[in-house]
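The values are calculated or read from the model by the stated rules, or taken from the named source; none is laboratory data. Since this is a predicted model, take the numbers as computed values, not measurements. All Cβ positions, even for glycine, are placed from backbone atoms using ideal geometry, and neighbour counts span all protein chains on display.
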Amino acid sequence: MDLFKPMDSKPEGSSNNKPEPAVSEHVKCLILGSGPAGYTAAIYAARANMKPVMYTGMQLGGQLTTTTEVDNFPGYPEGIDGPTMMEDLKKQAERFGTQVRFGMATKVDFSGRVKRVEIDERTLIEADAVILATGATAKYLGLESEEKFKGFGVSACATCDGFFYRDKVVAVVGGGDTAAEEATYLAGLCKKIYLIVRRDELRASKAMQKRVFNTPNIEVLWKHQTKELLGEQVVTAVELYKNKGEAGEEVVKLDIDGFFLAIGHTPNSEVFKEYLETDNAGYVMTIPGTSKTNVPGIFACGDLQDKVYRQAVTAAGTGCMAALDAERYLGELE
């Protein structure tokens with residue numbers, strides 16, 4: 001199927017028939033995504049004279065731009081806020097010649113040696129190599145108050161932000177392995193952890209359940225669901241439904257300092273799935289020890305292919321790998 005023809009073609013002559021975009025340009029190395037993985041790939045690619053062109057995606061700088069403080073990235077002894085750190089990486093990539101452009105991939109054709117990527121449904125780029133750094137999006141509950149307090153008491157990464165809640169009271173939402181792992185990690189830092197579980201059992205593995213139940217400062221709240229987050233500038237409390245939809249339903253309020261989501265991530269891989277191998281959750285699969293995908297010339301890095309660590313520093317490391325792998329690939333084409 002030609003992805004660049006109208007998805008819902010009309011008869012010729014129809015005014016609604018959308019033409020295929022003309023090729024805008026041919027580039028040696030195209031990078032999609034602008035988090036730590038994308039920017040690091042751009043730095044290495046630009047220094048290797050690959051003349052990278054980056055399209056940032058809709059969230060310039062990626063997930064770290066929603067984080068107020070980053071304390072665990074090497075080189076910032078006093079810590080740094082996420083947006084500033086991403087701006088530093090952007091400037092470094094541009095310093096070596098990366099063209100950074102705002103836009104996102106809406107269609108791709110990876111069937112040929114030359115890769116074709118449509119940007120924002122109107123610009124068609126051809127590339128010899130493509131580095132995918134589109135990341136993954138944390139799942140949220142969809143509450144207005146949750147959006148309001150992102151970075152101000154609401155987090156989707158305990159490893160990233162747990163330090164700021166040392167000796168405080170926090171809540172973790174979820175019942176799977178991720179939630180159990182986040183809760184036990186936070187238990188080593190925080191005074192008290194409420195694990196909010198929608199059902200009357202955990203979905204986590206038996207080993208992770210045992211860790212939760214054997215950790216004295218974790219209290220599991222069975223059959224609870226989040227109703228609302230409360231506070232002025234920062235989160236100070238959470239309202240929960242207990243036994244929602246059942247006899248004895250009630251609303252309870254807990255005073256907390258932080259609220260952690262651990263209900264999963266969605267890798268931003270949908271547009272690539274026709275060509276790339278993904279696991280059951282949608283993460284792009286790479287050859288172990290490399291950034292290479294099943295399609296020659298396509299390389300994946302960062303949270304798009306990492307469902308285990310999901311840290312800025314590991315994303316940056318895989319961005320480096322992707323640029324080096326792309327450089328070797330392009331060298332073999334010459």
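Brief remarks follow.
- When the range 1-33 is limited to residues that are farther than 17 Å from Ala326 by Cβ and either buried (at least 17 other Cβ atoms within 10 Å of the Cβ) or hydrophobic (A, V, I, L, M, F, W, C) (or both), the one that is modelled with the lowest pLDDT turns out to be Met1.
- Screening the candidates Ala281, Ala316 for the property of being in a helix (DSSP H, G or I) and either modelled with pLDDT of 95 or more or touching a strand residue (DSSP E or B) at 6+ places or on another chain (Cβ under 9 Å) (or both) yields one hit, Ala316.
- Close Cβ contacts (under 6 Å, 6 or more residues apart or on different chains) running from residues in the range 109-123 that are free of Cβ contacts under 8 Å to residues at least 40 places away in the same chain to residues that are of a type in the set (Gly, Ala, Ser) and in a loop (DSSP other than H, G, I, E, B) comprise Asp120/Gly103.
- In a residue-by-residue description of the range 235-243, the property of being at positive phi, surrounded by 14 or more Cβ atoms within 10 Å (Cβ to Cβ), more than 20 Å from the chain's Cα centre (by Cα) and not assigned by TED's automatic domain parsing to the domain that holds Arg113 applies to at least one position.
- If only residues of the range 235-270 that are outside any strand (DSSP E or B) and touching an Asp or Glu at 6+ places or on another chain (Cβ under 8 Å) are counted, the one that is nearest to Gly175 (Cα to Cα) is Ala262.
- Put simply, of Gly151, Gly176 the only residue that is within 26 Å of Ala37 (Cβ to Cβ), touching a Lys or Arg at 6+ places or on another chain (Cβ under 7 Å) and touching a residue at least 40 places away in the same chain (Cβ under 8 Å) is Gly176.
Conditions (1) in the same structural domain as Ser34 (by TED's automatic domain parsing); (2) touching a Phe, Trp or Tyr at 6+ places or on another chain (Cβ under 6 Å); (3) more than 30 Å from Lys223 (Cα to Cα); (4) not hydrophobic (A, V, I, L, M, F, W, C), marked per residue:
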site: Thr98; (1), (2), (3), (4): yes, no, yes, yes
site: Thr106; (1), (2), (3), (4): yes, no, yes, yes
site: Val114; (1), (2), (3), (4): yes, no, yes, no
site: Ile131; (1), (2), (3), (4): yes, yes, yes, no
site: Val154; (1), (2), (3), (4): no, yes, no, no
site: Cys157; (1), (2), (3), (4): no, no, no, no
site: Phe164; (1), (2), (3), (4): no, no, no, no
site: Lys191; (1), (2), (3), (4): no, no, no, yes
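- Looking only at the range 40-53, and only at residues there that are in a helix (DSSP H, G or I) and touching a strand residue (DSSP E or B) at 6+ places or on another chain (Cβ under 8 Å), the one that is surrounded by the most Cβ atoms within 10 Å (Cβ to Cβ): Ala41
- If you go through the range 134-157 and keep only what is among the hydroxyl-bearing types (Ser, Thr, Tyr) and either in a loop (DSSP other than H, G, I, E, B) or touching a Pro at 6+ places or on another chain (Cβ under 6 Å) (or both), you end up with Thr134, Tyr140.
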